[in-house]
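The values are calculated or read from the model by the stated rules, or taken from the named source; none is laboratory data. The shown structure was predicted, so the numbers you read here are calculated from the model rather than taken from an experiment. Virtual Cβ from ideal backbone geometry, glycine too; neighbours counted across all protein chains shown. What goes into the accessible areas is simple: the full protein's heavy atoms, side chains included, and nothing from ligands, DNA or RNA. Shrake-Rupley method; radii C 1.70, N 1.55, O 1.52, S 1.80 Å.
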Amino acid sequence: MKKISPLQIDGNIIEMISRQWMLITAGDEHNFNTMTASWGAMGELWNRHVAIVFIRPQRHTLGFVERNSLFTLSFFDERYRAALNICGSRSGRDGDKVRDAHLTPCATEGGSVTFNEASMVIECRKLYADSLAESNFIDSSIVGAIYPERDLHRFFVGEITGVWVR
Ligand SMILES: Cc1cc2nc3c(=O)[nH]c(=O)nc-3n(C[C@H](O)[C@H](O)[C@H](O)COP(=O)(O)O)c2cc1C
């Protein structure tokens with residue numbers, strides 16, 4: 001893969017996150033977990049290029065993101081839609097969904113994990129973590145609509161430390 005600057009990312013990032021989806025992965029090659037995500041953001045914060053991801057408390061991936069300083073965002077072309085559906089509907093707690101999805105884990109430069117099949121990989125170093133609070137919603141209709149079980153997301157702001165494309 002070729003390393004590029006975050007400023008050289010090609011395409012509409014809103015479309016890529018919300019429609020193409022991505023895998024959030026954390027851990028090392030021997031012990032990692034991954035999950036599909038379509039909520040998130042990218043831009044500039046604190047004079048750095050950042051990505052922000054939102055992970056519900058019950059996701060197995062959450063503990064991996066909490067315990068590791070890096071996480072990766074992996075994007076795939078349409079051929080891997082089934083793989084992303086598998087990683088977004090089964091928990092790594094219950095079995096080897098990466099094997100079932102026919103994805104091949106590999107290490108990033110910083111020692112985190114992505115997949116050989118990815119068309120773009122964004123490696124991030126955690127800068128900030130917090131959990132959304134019900135009392136902070138200005139539009140409180142979101143709480144009832146999105147969080148009937150009050151499982152408010154934990155979010156992580158990560159500094160983009162590397163972007164690789166095929
Ligand atoms: C298209 C799609 C988008 C998703 N986006 C998110 C997300 O942004 N945040 C989240 O917490 N879960 C999201 N999920 C749900 C997780 O991917 C799903 O619960 C997964 O099985 C969790 O796996 P884990 O328990 O191994 O972490 C999404 C699922 C799909 C199919």
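Tabulated values for the structure
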item: 3J(HN,Hα) from dihedral phi, segment 122-131, Karplus parametrisation 6.51/-1.76/1.60, rounded to Hz, x for glycine, proline; result: 10, 9, 10, 10, 5, 10, 7, 9, 7, 10
item: Calculated P(r) tail over 19 Å for segment 1-97, as whole % of Cα pairs; result: 45
item: Candidates GLU15, GLU149, GLU123: whichever shows maximal mean-square fluctuation once the chain is modelled as a Gaussian network with Cα springs under 10 Å; result: GLU149
item: Accessible area per residue, Å², segment 69-109 with all protein chains present, probe 1.4 Å; result: 54
item: Sequence-separation-based contact order of segment 63-142, relative, with Cα cut under 8 Å and 6+ spacing, percent; result: 38
item: Net charge contributed by nearby residues that have their C-beta within less than 13 Å of PRO57 (K/R +1, D/E -1); result: 0
item: Relative contact order %, segment 1-56, counting alpha carbon pairs below 8 Å whose residues are six or more apart; result: 25
item: Segment 1-61 versus segment 126-142: alpha-carbon centroid distance in Å; result: 19
item: Cleavage-rule hits, chymotrypsin sites (Phe, Trp or Tyr not before Pro), segment 25-63, DSSP coil, Cβ neighbours within 10 Å at most 11; result: TRP46
item: Ellipticity estimate at 222 nm from DSSP helix runs (n ≥ 4, -39,500 (n - 2.57)) divided over the chain, nearest 500; result: -3500 deg cm²/dmol
item: Average Cα contact separation per residue, the chain, under 8 Å, 6 or more apart, as relative contact order %; result: 29
item: Summed side-chain charge close to LEU127 - residues other than LEU127 whose Cβ falls under 12 Å, Lys, Arg +1, Asp, Glu -1; result: +1
item: Segment 72-118 - percent of accessible surface contributed by carbon and sulfur, probe 1.4 Å; result: 46
item: Among ASP94, ASP139, ASP130, residue whose mean-square fluctuation peaks in a GNM of the chain (springs only between Cα atoms under 10 Å); result: ASP139
